[in-house]
1. Could you tell me the calculated FRET efficiency between ALA82 and LYS24, based on Cβ-Cβ distance and R0 = 35 angstrom, to the nearest 0.05?
2. Mind pulling the angle between the C-alpha long axis of helix 63-83 and the longest principal axis of the chain? Nearest 10 degrees, somewhere in 0 to 90.
3. Expressed as an acute angle from 0 to 90° and rounded to the nearest 10, what is the orientation of the C-alpha long axis of helix 148-160 relative to the principal long axis of the chain?
4. Relative contact order, percent, of segment 1-132 when contacts are C-alpha pairs under 8 Å separated by at least 6 residues?
5. Taking all protein chains as present, what is the carbon and sulfur share of the accessible area of segment 18-137, in % to the nearest whole number, probe 1.4 Å?
6. Compare the peptides 97-105, 24-32 by average per-residue count of other Cβ atoms within 10 angstrom and give them in order, highest first.
7. Give me a comma-separated list of calculated 3J(HN,Hα) values for segment 97-105, in order, Karplus coefficients 6.51, -1.76, 1.60 applied at θ = phi - 60°, integers in Hz, x for any Gly or Pro.
8. If DNA, RNA and ligands are ignored and the probe is 1.4 Å, what is the ranking of MET115, MET40, MET1, MET130 by accessible area, most exposed first?
Amino acid sequence: MEISKRHHTVPNFYLKGFGSAGSKPKIGAVSIDDGKRLVMPTSNATVRKNFYALDGHPDGADIFEKELSRIEGDASAVIRKAVDGSWALSREDREILGTFLTLQFLRGSDTRAWMDQTHATLVSNVITQMGAEGVRRTLARSGKEVSDDVLDRLLQQSSVADWSNHEDHSRRPHSSHTRTCS
């Protein structure tokens, strides 16, 4: 089975709801970098290569993308029921919709950058508070030894890191990345 590499940060079924009619719906988009407007198929909008990949996972690097697809399929059916006038939703449908909405909030690049920043800040604070000997003891309990040079560098990096204004540009979308608009 082929491993999926094209991962939507906004589900294609959701984008189709804002797209043009037809078998290959299109959606308006605006480049974040230069404000240029363009039209693209919903199948290409909000796609990031290997965005959810979990390299080395025994079930394949795309296991998370597959699970998202399953949840999106369930949510699509619930949303279709609501659009078609089936209201109020059953408890099961509300749980499906709630799970989907929560994942929508958590799955994008902004949230990933925020979590990376939070992680870096916490690690920096813990290392600074532990000091050299605390870090050395903790690593030794895990069976890892670290040289004085590496330990000094680690402590220096953690003490000078100012994560309060950190912005993770390494995860910023490429210049061709767009913001969809209807």
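1. E between ALA82 and LYS24, to the nearest 0.05, is 0.90.
2. Tilt relative to the chain: about 40 degrees.
3. The helix 148-160 is inclined about 60 degrees to the chain.
4. Numbers: 116 pairs, mean separation 27.5, N = 132.
Across segment 1-132, relative contact order equals 21 percent.
5. On the way: 4330 of 7630 Å².
Reported share for carbon and sulfur atoms: 57 percent.
6. Values: 97-105: 14.0, 24-32: 16.8.
Packing order, densest peptide first, comes out as 24-32, 97-105.
7. Result, rounded to whole Hz: 5, x, 4, 4, 5, 5, 5, 4, 5.
8. Numbers: MET115 95, MET40 30, MET1 205, MET130 70 Å².
I get MET1, MET115, MET130, MET40, largest accessible area first.
The values are calculated or read from the model by the stated rules, or taken from the named source; none is laboratory data. Only a predicted model underlies this, so the values are computations on that prediction, with no experimental measurement involved. Cβ coordinates were reconstructed from backbone atoms using ideal geometry, including for glycine residues, and neighbour counts include every protein chain displayed. Protein only, heavy atoms only, side chains kept; ligands, DNA and RNA dropped before computing areas. Shrake-Rupley method; radii C 1.70, N 1.55, O 1.52, S 1.80 Å.
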